[in-house]
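The next block holds one structure in the form of structure tokens; read it before the comments.
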Amino acid sequence: MNIAQKSTFVLNQRHLLGIEGLSSSEILGLLDLAEEFVALNRQIEKKQSSLRGRTLINLFFEVSTRTQASFELAGKRLGADVMNMSVGSSSMRKGETLIDTAITLNAMRPDIIVVRHHASGAVELLARKVDCSVINAGDGSHEHPTQALLDALTIRRNKGRIERLTVAICGDILHSRVARSNIILLNALGARVRVVAPSTLLPVGIERFGVEVTRDMREGLRDADIVMMLRLQRERMNGSFVPSTQEYFHYFGLDQKKLAYAKPDALVMHPGPMNRGVEIDTAVADGAQSLIREQVEMGVAVRMAVLEAMSRTLPNA
Amino acid sequence: MVTERRPILLANGRILDPSRDLDIHGDLLLADGVIREAKRGIGAAGVPEGTEVIDCKGKVVAPGLVDMRAFVGEPGAEYRETIASASQAAAAGGVTTIVCQPDTSPVIDDPAIVDFVLRRARDTSIVHVQPMAALTKGLRGDEMAEIGLLKAAGAIAFTQGAKSVTNAQVMRRALTYARDFDALIVHHTEDPDIVGEGVMNEGEFAARLGLMGVPTAAETIMLERDMRLVALTESRYHAASLTCAEALEVLRRAKEQGLQVTASASINHLTLNEIDVGPYRTFLKLSPPLRAEDDRTALVAALASGLIDVVMSDHNPQDVEGKRLPFAEASAGAIGLETMLTAGLRLVHSAELPLMTLIKAMSSRPAEILGLAGGTLRQGSPADVIVIDLDSPWVLDPAELKSKCKNTPFDEARLQGRVVRTIVAGRTVYEYV
């Protein structure tokens, strides 16, 4: 049984490469459409047919179980034929270039390609070479638009709104595409955004992004409604960004004590995967204030909404 | 396209000779490969029989350009550029002397390889080629190359190519030794550790693009170190490519102190800034990277005042495969032999720079610094001359460029002014029709 669709939202651009370039009404349109899919996904009969006959290719140059699975499920629930290509597959290991892979896939006439790549700008480069629609599932340190959308949906469902909320994003901002997309989206919707990190993990020029900047967790979490933690990759120790995970956790890791600096009803988020004991401790990650599991559920709904909104403007739609 | 050598009279032009600050209306007579006379109204009576008379009304007649930094692919990278193709590009851009980099394969650290380059140039090039030699063996940065023998073989200067010598002791010894041979060291100033994985100028724009940045300090710190070494060793030194206001301050202090220091800036850093990278355009990925607009304007002002002595093209041909990659993975570099002058004219048209200063920085100053005979229209000098149309508008089509690689930052740019004739040793080697 198909839930009657109330939203007629259409995404009027061929690609979704980032939050940059989306208007606040487009963002809200996607969130509202995603709400419908949350309800649908909780039914037994989840299958829709809006993408029936369409081909979706997941092209993941960087390993990711969660995002890839999320897109695969989203595509299949909308009735699409989904194909997964990931970095383990042979031609990528043979050193075929990004452009050649794009041209090859394009020749197979897919409708939508979802791409994740370790280099900033790579998804845009690929999008210029194909005729179909491209969704950015994360490019280097640049953008991860569907993550920011699912984070916004999660926040809105739990707090009722986004504007005038104080959101503290904590961790490796320098290397984080999740941080960048979230900063752009939350600012567009009127939230008050704060970033908390050691100076070595802040990009030069971060003040110009319209955020408050602090190197102190107590100050950073004060009056925060949402505390968003970012993963610290272990390679950062090698690059002389931070001296050790122990020191990092002591000053910047989220535990019950630091969480108490925020509002009593503050909620905790994390894009995953978590490094327990490095940026967040288990008690908080699994605790009552954690929205981490809900984020994953919202992820499928948001990706269905993006695919649905895009499908409405595909050729021969 | 090398014509038979007849005397040439370039008539009715605006004669610009930066070596004497000469800017007059008149005629220039070239014969037997040298400049005979420059004055008003030489007229038909004053010329030898068989002289080709070329009307240069409305055009500028200037010395051929001396490009102090160009990578030419021979030996080892002929798929990117050969001496022949580079010379075609040079001629089309008004460059009559190419000073080429030694980071070839093999590196130019042996007199036999200097000899190879000079012979290949003699046989295949339509413009003059002056090779620079490696400052250290293999460009490995740890042992001095045979500066004496290389100079005797014809190396015009010594450089570490597109990198810096990071060992200060090696640099000190090299400066000291080179002084004995009156050899010039041309040094690229970039601390590789601070550069790290940086791929464009550090700042807000890089942060938005999610790209690692290179702070200007990488350049300033290396230049500062070198200035101390130059003071210590009382040697001559030329900074290969400066890009930022901070480094210009260091240069200014060094010159005020009386150190024998000169410097180049690339045409790219004078006419472009970090914003031109736009949506990850790899043709704008350069090393050192394009900087902020404030740095660009400081660089132009430094050129106008003479603090920066030389403008070079930093010609660096990179093939399509190297550029058609995500920005962080793409090769750095842009071609420039053919477009250096035209791009420079933008600064003249926008009144940021007088024409005389631009031409001087591209001809007489590099010739003086390197001890070359060109860059001047004095009587008896080599007949390396160009004729420039300052005003004609055109759109750059990369397919028309003569370089083997087409990685130009001026792709489809609207330009104003171009070289219409290039004469080397008294023969026309390029003519725009």
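Computed per residue of chain B from DSSP H runs no shorter than four, each worth -39500 (n - 2.57), the mean residue ellipticity at 222 nm is -8500 deg cm²/dmol. A Cβ-based charge dipole, computed about the Cα centre of segment A:1-71 with Lys and Arg at +1 and Asp and Glu at -1, lands at about 360 debye. With θ taken as phi - 60° and the Karplus curve 6.51 cos²θ - 1.76 cosθ + 1.60 applied, the whole-hertz 3J(HN,Hα) list for segment B:54-71 is 10, 7, 10, 4, x, 10, 9, 10, 9, x, x, 7, 10, 8, 7, 8, 9, 9 Hz, x standing for glycine and proline. Counting only alpha carbon atoms, the long axis of helix B:111-124 and the longest principal axis of chain B meet at about 40°. Angle of helix B:245-256 to the longest C-alpha principal axis of chain B, folded into 0 to 90 degrees and rounded to 10: 70°. For chain B, the relative contact order works out to 21 percent when only alpha carbon pairs closer than 8 Å and six or more residues apart are counted. Counting only C-alpha contacts under 8 Å and six or more residues apart, can you give the relative contact order of segment B:70-152 as a whole percent? Dividing the mean separation by the residue count of segment B:70-152 yields 31 percent. Counting only aspartates and glutamates at least 8 places from B:Lys402 when in the same chain, those with an alpha carbon closer than 15 Å to its own are B:Glu78, B:Glu81, B:Asp319, B:Glu338, B:Asp411, B:Glu431. Karplus couplings for segment A:54-61 from phi (6.51 cos²θ - 1.76 cosθ + 1.60, θ = phi - 60°), rounded to Hz, Gly and Pro as x? These are the phi-based 3J(HN,Hα) values: 8, 10, 10, 10, 8, 10, 10, 7 Hz. Here the mean projected area of the convex hull built on the C-alpha positions of chain A is 16.0 nm².
Placing unit charges on each Cβ (+1 for Lys and Arg, -1 for Asp and Glu) gives chain A a dipole about its Cα centre, and among A:Val211, A:Thr166, A:Gln13 the Cα reaching farthest toward its positive end belongs to A:Gln13. In summary, the helical segments of chain A meeting the span-like criteria, namely a full DSSP H run, a Cα extent along the axis of 24 angstrom or more and a mean Kyte-Doolittle hydropathy of at least 0.0, are A:24-41, A:292-311. What is the set of long-range amide H partners of B:Phe181 at a cut-off below 5 Å, with H atoms built 1.01 Å from backbone N? Hits under the 5 Å cutoff: none.
Rounded to the nearest 5, the antiparallel percentage of DSSP beta bridges internal to the protein assembly as shown is 35%. With a threshold of 23 Å on the Cα-Cα distance, the over-threshold entries among B:Lys151/B:Lys285; A:Lys47/A:Lys159; A:Lys129/B:Lys406 are B:Lys151/B:Lys285; A:Lys47/A:Lys159.
Counting alpha carbon pairs within less than 8 Å and at least 6 residues apart, what relative contact order, in whole percent, applies to segment B:1-120?
Details: 187 pairs, mean separation 26.6, N = 120.
Worked out over segment B:1-120, it gives 22 percent.
Counting only lysines at least 8 places from B:Lys59 when in the same chain, those with an alpha carbon closer than 21 Å to its own are B:Lys39, B:Lys360. Taken along the Cα-to-beta-carbon direction at a fixed 7 Å, the label points for A:Asp223 and B:Arg40 span 7.8 nm.
For A:Leu78, the residues whose modelled amide H falls within less than 5 Å of its own, excluding neighbours fewer than 5 places apart on the same chain, are A:Gln48.
Regarding segment B:198-238, what is the average projected area of its C-alpha convex hull, in nm²? Kindly include the intermediate steps, with their values, before the conclusion.
Details: hull surface 12.9 nm².
Answer in nm², one decimal: 3.2.
Were the residues from B:Glu400 through B:Arg414 laid out at 0.36 nm apart, the gain over their Cα-Cα distance would be 3.6 nm. For B:Glu52, the residues 5 or more places off, or on other chains, whose built amide H falls under 5 Å of its own are B:Ile8, B:Leu9.
Just to verify a number: FRET efficiency for A:Gln246 and A:Thr65, C-beta to C-beta distance, R0 = 25 Å, to 0.05?
Working: r = 28 Å, r/R0 = 1.12.
It comes to 0.35.
Each Lys and Arg contributes +1 and each Asp and Glu -1, all at the Cβ; summed about the Cα centre of chain A, the dipole is approximately 380 debye. On full extension, the segment bounded by A:Glu207 and A:Ser25 gains 63.0 nm, given 0.36 nm per residue less the C-alpha separation. Taking a straight line from the alpha carbon of A:Lys76, these aspartates and glutamates sit under 13 Å away, with near neighbours fewer than eight places off in the same chain left out: A:Glu45, A:Glu308. Let me check I've understood the local charge: for B:Pro106, count other residues with C-beta under 12 angstrom from its C-beta, Lys and Arg +1, Asp and Glu -1. What total comes out? Once all neighbours under 12 Å are counted, the net charge is -3. For chain B, the longest principal axis of the alpha carbon atoms and the long axis of helix B:340-349 meet at an angle near 80°.
Throughout, read-outs are computed from the coordinates displayed, never taken from laboratory work. Keep in mind it's a predicted model, so treat the numbers as computed, not measured. Please note: Cβ atoms are built from the backbone with ideal geometry, for glycine as well, and neighbour counts cover all protein chains shown.
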